[in-house]
4 protein chains.
Amino acid sequence: MSAAKRRRVAVVGATGVAGQQFLVSLKNHPWFEVKRLAASERSAGKKFSDAIKDASSGATRWFCDEPCPKEFLSITVEHAEKLILDDIDIVFTAIESDAAKIVEPIYAARVPVVSTASAFRYEKDVPVFLPGVNIDHAALVAVQRKNRGWKGFVTPGPNCTTVGLVFSLKPLYERFGIGSVIMTSMQAVSGAGRSPGVLSFDILDNIVPYIPKEEEKVQTETQKILGKIDNGTILSAPFNVSCTCTRVNVIDGHTESVFVGLQNKASLQDVKNAWRDGYAEFLSLGLPSAPPELVHYTEEPFRPQPRLDRNMNDGMTTVIGRLREDNVLPNGIKYVLLSHNTKMGAAKGAVLTGEYLIKTGIIE
Amino acid sequence: MSAAKRRRVAVVGATGVAGQQFLVSLKNHPWFEVKRLAASERSAGKKFSDAIKDASSGATRWFCDEPCPKEFLSITVEHAEKLILDDIDIVFTAIESDAAKIVEPIYAARVPVVSTASAFRYEKDVPVFLPGVNIDHAALVAVQRKNRGWKGFVTPGPNCTTVGLVFSLKPLYERFGIGSVIMTSMQAVSGAGRSPGVLSFDILDNIVPYIPKEEEKVQTETQKILGKIDNGTILSAPFNVSCTCTRVNVIDGHTESVFVGLQNKASLQDVKNAWRDGYAEFLSLGLPSAPPELVHYTEEPFRPQPRLDRNMNDGMTTVIGRLREDNVLPNGIKYVLLSHNTKMGAAKGAVLTGEYLIKTGIIE
Amino acid sequence: MSAAKRRRVAVVGATGVAGQQFLVSLKNHPWFEVKRLAASERSAGKKFSDAIKDASSGATRWFCDEPCPKEFLSITVEHAEKLILDDIDIVFTAIESDAAKIVEPIYAARVPVVSTASAFRYEKDVPVFLPGVNIDHAALVAVQRKNRGWKGFVTPGPNCTTVGLVFSLKPLYERFGIGSVIMTSMQAVSGAGRSPGVLSFDILDNIVPYIPKEEEKVQTETQKILGKIDNGTILSAPFNVSCTCTRVNVIDGHTESVFVGLQNKASLQDVKNAWRDGYAEFLSLGLPSAPPELVHYTEEPFRPQPRLDRNMNDGMTTVIGRLREDNVLPNGIKYVLLSHNTKMGAAKGAVLTGEYLIKTGIIE
Amino acid sequence: MSAAKRRRVAVVGATGVAGQQFLVSLKNHPWFEVKRLAASERSAGKKFSDAIKDASSGATRWFCDEPCPKEFLSITVEHAEKLILDDIDIVFTAIESDAAKIVEPIYAARVPVVSTASAFRYEKDVPVFLPGVNIDHAALVAVQRKNRGWKGFVTPGPNCTTVGLVFSLKPLYERFGIGSVIMTSMQAVSGAGRSPGVLSFDILDNIVPYIPKEEEKVQTETQKILGKIDNGTILSAPFNVSCTCTRVNVIDGHTESVFVGLQNKASLQDVKNAWRDGYAEFLSLGLPSAPPELVHYTEEPFRPQPRLDRNMNDGMTTVIGRLREDNVLPNGIKYVLLSHNTKMGAAKGAVLTGEYLIKTGIIE
């Protein structure tokens, strides 16, 4: 099956923030056609326009900056557990992990599932794709199908904080090797979603220096995504990652202060060149949702800043700045990166992954 | 001269933010009596109450949470360059570095000068005291007097970002030795003062990942303050410090994410014990501005938070939390600390230093 | 029964934000002794210290700036619906309106109930007391007891937005009469509590110009509180109040822009005098929680500001500024006021009301 | 001269925030060609790309969300006082009022000047145009030319807070008449520009309830812009406007809570219809910078909100919501409006005015 054919898509969790971002990302998409929307039982049977209407106040619960694409408003929302898949080629899911554990296997039994949930992220036979980074992990798809007896498969995207970090590390790992990584994140409130989300009362004039489970996720996922396929399994990348993850009063865009020890000495210019050239092959694929650059290095001394840089290339580019030598880690460098947590870090990144899997033939 | 005697004090830069914080810190002080206030030529000759009145709007330019102590309102402000010192025992200065270069030598020629300015911070014969940390650096006072032919001396306090870091490191350095330090700061806007300060337009929904010269200051000062006196000079502490300093939208309180490699293995409990016991001798001095603890470790998982913890013990205690093992640095630990940048990190810290120098006889 | 006797008090809803504020307000109270704490079934049977501990993260859910008074930590929390009243003289309640409808009548059947809930606020036989404003409404207590067959009674406090407005209006109404009031509020996020509260995502870099039911509450309550007792009922004050209520990104402190048409012409100085003198009689009672002033007029041109003024007299004083003539309303004046929504506007205001009712003999 | 001819334009104050917004608004403009840029002496003689480079840090001082149009980077900035006008048809100025008083007369002696400065706003022979509102005020141009002996003329735009208010009032004034207006504004920090601008320290977790001179400006300008031309002068609109103007912690977008007394009774639907239809004639002109609607009424109960609505039609549409009856003013209505203060409220609004003056032949 070629990229020219339009795949029929279902979006599960369509009424939530991430689900709505899927809809925006899939509007007028050349390769995907949204055929079905699903959500929890509460929304099932309602038109999408009614499902996002708050009954008591009459307010529309639409959370994206872009308006809701009109073509989706009249689709009847289905119950996620009873979603009809007969005319569906791919499912995009944007639901809580507990719900994903229940419904994603049902879908994956029949079709590929590209997910933003963490439910299956740490399973041995489940690849966590990042575009341009680890397409070789597709070898796990056959393993997963065999293990689980599925016709489809499930592939969750990484945690939003992992995304920018791995994009910045991959070209360095490839060219110079990596000995260790120390990272402190300053994460946006949109990363916590809406239920419960982050109360203004808790974060205004404040920082919350702990996000449960986040540091473990980033550490584990970075090693997994940069790991090598060996005999049907992933060998985690052999360097340690140590993180402190904090929440700051920023709407969108995760900022990360990164210190990297390289295995081989590299000049700052070498590092910049690696970022400049590291994704040339992926970018040459010309995928519909791919930005002109996956990482962009800026020489502006006070950048990247979340409010000014998060929307570069519609939030699909990780912006890096402040590259300097570090004198603590061996062959150390340090830099600051910014990654849009709800664009490349969530739904639109998942759509790009979907395109990538089609282009490479992993989704037929 | 004993602590019992009240010293006569001049506050220079009294109309600015840090100067006003000196006034609040010196209100009803048992050891210090404010005799003179000085500021730039523009304020000279005015009553203090008039000097802080904005002529065009009639607004009072008073920036502390605490009201202005009434006893200072009627003092006539003198021109800093012409300050009369005949009846002054100590000068506290809170002025820009350029101005400090001019007037601090004039004062120091006659009396001790405890300063918040960085003008002399990096001079070889100038001690940078932090209470409870490096009173042995007082040996430089004689060197400085001899070098410069002064009767008094000048001692600037550290940069506000250095303060919390060194308070957290000192007990570890003493007990376990330190191999290296990596730190990312998230600094409050009050650290930038009022001219120009940080515009809301630049920091709202944002982070600025660069503060000019800040990282070099923290790195250099940490090594200097923890350095050893040897033959009339300071040997910088022999471990590297690597920082990234950022500005966040918090009013007061610098948060720092710290990774430390220890020279000797220590359990997390050992580290907590070091913090608990590390300042016992200093605290036993019972100085008027000293808090019950210089560092406080909290087991609360989401703390320290700037809005909730910065005012512990009136901003004189560095609050530490989230102690964990780090697997990157040798014998690594990581933690988050919070230090009030305009209390212990500025004027009130300088007053405490003044008390300390009196108690130890360095100021007679 | 005299003020000298210490009343035994139960606090219902003790684990929530407002309930915790009651505990802070009642710490070491000369007239009240906290004997019992109650909350929902989930907390019942636990020690208070355990009831405010988050099981999964181990975090302490304590929301006040002041630490939790130690004496309450070991009290066993009771189920609000089964609260034992045998040794209780007064109940303070801080619960949602739906829960209040169920339990407040149970308590009021036996003892006086001073509430922050709106459940009974609009009932004809229920007085809504504001200290210094409408003690004559106590005539309704007998009516309520007779109507409902209760030995005690219930008296809810006003909505937090009503509080500052009525404090500013009362002296004007008394001296000059009021023809009409137009008010726009800019309300703090703490007014929305914690469930659901206001998400940072919704209010950062933003204003929400609608708070459901708030405008109706303010309009109705203002007329009721300033109404006259006539033949066992309240005649609403005969002037119209028209409001727009908005939410802004401020933690504590409701700001209100007020335009008032007076019935009789008054100079700006007359108005300031009215505020200065309007509560002299109430203040002369010397109640334990009463501030030195219920309203304070500031001549500072840029004040009142929530962050700088909300804590005046521990949040018990309404701060007014910017008094000017208005040329739209007849005998018009306009001003800006600031009232602490969770101090005088909630629990501590309710405690002051309790003191007031004791002092005036309404609670025996 | 027809609209088809491209006018040659100079932008004065090009290095400042408003000047940069002019450049963004004039990029690829079908009617205007930017030929010259001018600024203060400090920037004169430098390429624009160098003039906006901070010498000490190397940072680019560019303040718009949109990148700087490349075609302007190589233009050499001229000194505003020595700007060459030989090849210029129109000057757009974006400078402080004091500077405008000096240079605008120099320019206006030769060519039309469309300004964002207030310098000439209150002169009797100076029209303050708002697109679609008062093109009849063009009669003042001839008066101004005669009075001052100028070949060109100067026309400043209104204060940014006036803009949204007048757009909302104009259709009501025309259809129903207006008796009085009461308005409370909640203004964004970008309205204060960058020097000095609003410090984060002053506005975080805060409201500043006073903006010097703002209220007088709004009151005077509203009456002037809605005034009638009579015998070569403007008779101010005969209704009173009473304002309280406050600053809130929002980046862009002024929110206004408006209460209007109409002369003739109108239903809420009548009012909505007036807004819907009130600018049909102007919109039919099809000016390049004109939005599809000058005012937009939303039925969403929680809107308009600055972060969600300020960018409607690139900030050129005033968004109105929450229309209700008001029971204080005669035939009273109340509503909330939102207007983008640095788009329609500043440079892009001025460009639209320029287009309007060309289309109507006032600029030939």
Just counting partner chain Cβ atoms within 10 Å, what average do the residues of peptide D:300-310 show around their Cβ? 6
Length-normalised contact order for chain A - Cα pairs under 8 Å, 6+ apart - percent: 17 percent
The farthest towards the positive end of the charge dipole of region C:1-147, of the residues C:PHE22, C:PHE129, C:SER74, given +1 on Cβ of Lys and Arg and -1 on Cβ of Asp and Glu, is C:SER74
How do C:ASP125, B:ASP277, C:ASP50 line up, fewest other C-beta atoms within 10 Å first? B:ASP277, C:ASP50, C:ASP125
Inter-copy label distances at C:LEU73 (7 Å, Cα→Cβ; nm, one decimal): 4.2, 5.7, 6.2
When chain C is turned about an axis onto chain D, which of its residues keeps its C-beta closest to that axis, and how many Å is it? C:THR184, 2
Rank these for me by crowding, C:ASP136, C:ASP205, going from fewest to most other beta carbons within 10 Å. C:ASP136, C:ASP205
Less than 18 Å apart at the alpha-carbon level, and either on another chain or at least 8 residues along: which aspartates and glutamates does that give for C:LYS46? C:ASP54, C:GLU71, C:GLU78, C:GLU81
Across A:179-188, the residue-averaged tally of Cβ atoms belonging to other chains within 10 Å stands at 5
Cα-centred dipole magnitude for region B:160-339, charges only on beta-carbon of K, R (+1) and D, E (-1), debye, nearest 20: 100 debye
How many Cβ atoms of partner chains, on average, are near each residue of B:246-254 if near means within 10 Å of its Cβ? 6
Under a point-charge model restricted to the Cβ atoms of Lys and Arg (+1) and Asp and Glu (-1), what is the dipole moment magnitude of region A:19-175 relative to its Cα centre, in debye to the nearest 20? 200 debye
Return one number: the angle in degrees, 0 to 90 and rounded to the nearest 10, between the long axis of the Cα atoms of helix C:347-359 and the longest principal axis of the Cα atoms of chain C. 90 degrees
Of the trypsin sites (Lys or Arg not before Pro) in region A:75-172, those whose Cβ has at most 15 other Cβ within 10 Å and which sit in DSSP loop: A:ARG110, A:LYS124, A:LYS151
Quick note, region D:160-339: a/c under 1.5 would make it rounded; otherwise a/b > b/c is prolate and the rest oblate (a ≥ b ≥ c, C-alpha gyration tensor); here it is rounded
For region C:160-339, what's the relative contact order in percent, using C-alpha pairs closer than 8 Å and at least 6 residues apart? 29 percent
Cα-only radius of gyration and Dmax that characterise the protein assembly as shown, units Å: 33.4, 95
Run through region C:21-128 and list the GluC sites (Glu not before Pro) located in a DSSP loop whose Cβ has at most 11 other Cβ atoms within 10 Å. C:GLU41
For the pair C:LYS228 and C:THR360, the simple spin-label estimate (label points 7 Å beyond Cα toward Cβ) gives in nm 1.7 nm
Hey, got a sec? Which trypsin sites (Lys or Arg not before Pro) in region C:260-324 land in a DSSP loop and have at most 10 other Cβ atoms within 10 Å? C:LYS265
Ascending list, in nanometres, of distances separating the D:SER284 label from those of the other copies (7 Å, Cα toward Cβ): 5.8, 7.3, 9.3
In nm, what does the list of distances from D:ILE102 to its counterparts in the other copies look like, shortest first, when each label sits 7 Å along Cα to Cβ? 2.6, 7.3, 7.4
Enter the angle in degrees (range 0 to 90, nearest 10) between the Cα long axis of helix A:139-148 and the first principal axis of the Cα atoms of chain A, meaning the one along which they spread out most. 40 degrees
Taking A:LYS348 as the anchor, which aspartates and glutamates have their alpha carbon closer than 16 Å to its alpha carbon, excluding any fewer than eight residues away along the same chain? A:GLU33, A:ASP65, A:GLU66, A:ASP252, A:GLU293, A:ASP314
Assigned charges on the beta-carbon of Lys, Arg, Asp, Glu; the protein assembly as shown dipole about Cα centre (debye): 0 debye
Could you list D:SER118, C:SER236, C:SER25 in order of exposure, starting from the residue whose Cβ has the fewest other Cβ atoms within 10 Å? C:SER236, D:SER118, C:SER25
Estimated FRET transfer efficiency when R0 is 41 angstrom, pair B:ALA142-B:SER97 (beta carbons, to 0.05): 0.95
Leaving out same-chain residues fewer than 8 places away, which aspartates and glutamates sit with a Cα under 17 Å from that of D:LYS224? D:GLU123, D:ASP125, D:ASP136, D:GLU174, D:GLU214, D:GLU215, D:GLU216
In region A:222-240, whose amide N lies under 19 Å from the spot 7 Å out along Cα-to-Cβ of A:ARG175? List them in ranges. A:226
Taking only C-alpha pairs under 8 Å that are 6+ residues apart, what is the relative contact order of region D:97-239 in percent? 26 percent
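A short reminder: the numbers here are calculations on the coordinates, not readings from a lab. The shown structure was predicted, so the numbers you read here are calculated from the model rather than taken from an experiment. Counting neighbours? That spans all protein chains shown, and the Cβs are built from the backbone with ideal geometry, glycine included.
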